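K.L.:
Handing you this structure, nothing more for now.
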Amino acid sequence: MKVSLSICLITGLLLVSCRSRSESDIMTFRVNRSDYRESIRAEGAIQSVSNFPVVTPDLMFGDMTVVRLAADGQFVRKGDTICILSLPELERLYSDLKTSVETQEAGLRKVEADNQFNIAMLEAQLATSEARIKMVRLDSLKRVYALEYQRKQQDLEMRKAAIEKRKIENKLKAARLQGETALLQARSRILQAKSMLRVYETQFNSLVILADRDGMVMRVESSVTMVFGPGGSGSIGGGMIREGSVIFMGTPVLRFPDMNRLQVSATVMEDDYRRIEKGQKVLISVDAAGGFSTTGVVTRKSIVGRSNMPVANPAARFYEIFMTVDSTGPGVKPGLSAGCEIILREAKDTVFVPAVAIFDRDSLKTVYVENRGRFTPVIVKTGASGSSYTLIADGLTGGESIALSEPPDRLIKKENKGKINKKDNLL
């Protein structure tokens, strides 16, 4: 924890003097009236309060491999390709089914052509049969002059032609029925295959993820990912999703941070955590954004501490705090480091002294004002206290030199020139 004071305060601290007395050495502090600020400094990172995640599609197959992924912090336009996934099993099934549909459609065209050819042949045979019947009927006009056996022969030929015609008509009817049935079945199989192909095509196309808005994208971390290298070797564990990561369906791979709502997350030690309260003002600076400065307030504190931070004391515990960002500027984006000064308390044009310079004398808060090597006890009314300094509400006006350790009795003047009554003193 560091105490940050205004420039005037720093100037006042530089006036602490150590004077050598003939009888005793008493270190003194020069009191000045100035602005007072007590704060805690912490390093944090800018985050977005809310995000719009980009997730992998829900597919009926296995895990997907990230082939291409937008760079962290890249600005994209709506419709830009931001992620390409690979799913070999889906790609194989889609390709096979597409080939199968093409083959079935070619087969359907062949069936249609064969059916039309068969029907045309039967129709031609039927026409030939009808022509023979007409010829036989013409020959029957000669029956009057024909002999008996000739008339019987003509009758037989007429019956034979009629029977042949009926057979051809039956074959034609059956061929048409069989052709329509075969075509109906083939078309039904093609419709089913095309329906499944559309499902595969939709899922196949979903492997290419397009941006649904303009904005900056950020890569995300996953608790479980598998990463395979060029040689086929891989590793399993959490980490940032990148090219080569093998992920599950519905896994976020990118996010669009809401740039209108940013916050800072910082980690502080337990002692500082106890002094930080919700609503305290924060001064924020972002060096990576050209030294951009803004303000914010503490919004919440984590209730669970961590002890795995890289510090010398393994027993030390750290807590996370969150602060708003009141305004943003060019270059300010999630992921950048931010310096935070959390204002614990501040006062304008006030008098404050080191806490060690205030003593209890007859149950009264007392300071010892130095004058020509002698010290006069002055009763003071104290205000808010920090870790090292205490504000003086009354009793000192500024310009005095006060002792930082209690002087011996021989150096203390007996008269009390305090400016307040005993009942006004704050213990």
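The values are calculated or read from the model by the stated rules, or taken from the named source; none is laboratory data. Quick caveat, the model's predicted, so the values are computed rather than measured. Heads up, the Cβs are rebuilt from the backbone with ideal geometry, glycines too, and the neighbour counts pull from every protein chain shown.
K.L.:
Give Thr65, Thr99 a once-over and let me know the one that is part of a helix (DSSP H, G or I), under 30 Å from Met249 (Cβ atoms), at pLDDT 90 or above and β-branched (Val, Ile, Thr). So that I can check it myself, show each step before the final result.
P.N.:
Details: Thr65 fails: part of a helix (DSSP H, G or I).
After ruling out the rest, the residue left standing is Thr99.
K.L.:
Among the residues of region 362-408, write down those that are among the aromatic types (Phe, Trp, Tyr) and over 55 Å from the mean Cα position of the chain (by Cα). Spell out the reasoning first.
P.N.:
Taking region 362-408 and keeping what is among the aromatic types (Phe, Trp, Tyr), we get 368, 375, 389.
Selection gives Tyr368, Phe375.
K.L.:
Right, another one. I want to confirm something. Restricting to region 370-393 and keeping residues that are over 18 Å from Lys348 (Cα atoms) and basic (Lys, Arg), which single residue is surrounded by the fewest Cβ atoms within 10 Å (Cβ to Cβ)?
P.N.:
Here the residue is Arg372.
K.L.:
Yes or no: region 118-139 includes at least one residue that is at pLDDT below 80, among the basic types (Lys, Arg) and touching a Lys or Arg at 6+ places or on another chain (Cβ under 6 Å).
P.N.:
no
K.L.:
Here's something else I'd like to know. Please list, ordered by first then second residue, the pairs with beta carbon atoms under 7 Å, 6 or more apart or interchain, first in region 90-119 and of a type in the set (Lys, Arg), second outside any helix (DSSP H, G or I).
P.N.:
As it stands, the answer is none, since no pair meets every condition given.
K.L.:
Only one of these is part of a helix (DSSP H, G or I), of a type in the set (S, T, N, Q) and either under 30 Å from Ala71 (Cα atoms) or modelled with pLDDT of 85 or more (or both): Gln154, Gln203, Gln150. Name it. Show your work before the answer.
P.N.:
On the way: Gln154 fails: either under 30 Å from Ala71 (Cα atoms) or modelled with pLDDT of 85 or more (or both); Gln150 fails: either under 30 Å from Ala71 (Cα atoms) or modelled with pLDDT of 85 or more (or both).
That would be Gln203, the only listed residue that is part of a helix (DSSP H, G or I), of a type in the set (S, T, N, Q) and either under 30 Å from Ala71 (Cα atoms) or modelled with pLDDT of 85 or more (or both).
K.L.:
So, in region 292-308, exactly how many residues are modelled with pLDDT under 90 and closer than 27 Å to Val332 by Cα?
P.N.:
As a first pass, look at region 292-308 and keep what is modelled with pLDDT under 90: 302-308.
Filter once more, so that each one left must be closer than 27 Å to Val332 by Cα: 302.
Residues in region 292-308 being modelled with pLDDT under 90 and closer than 27 Å to Val332 by Cα: 1 in total.
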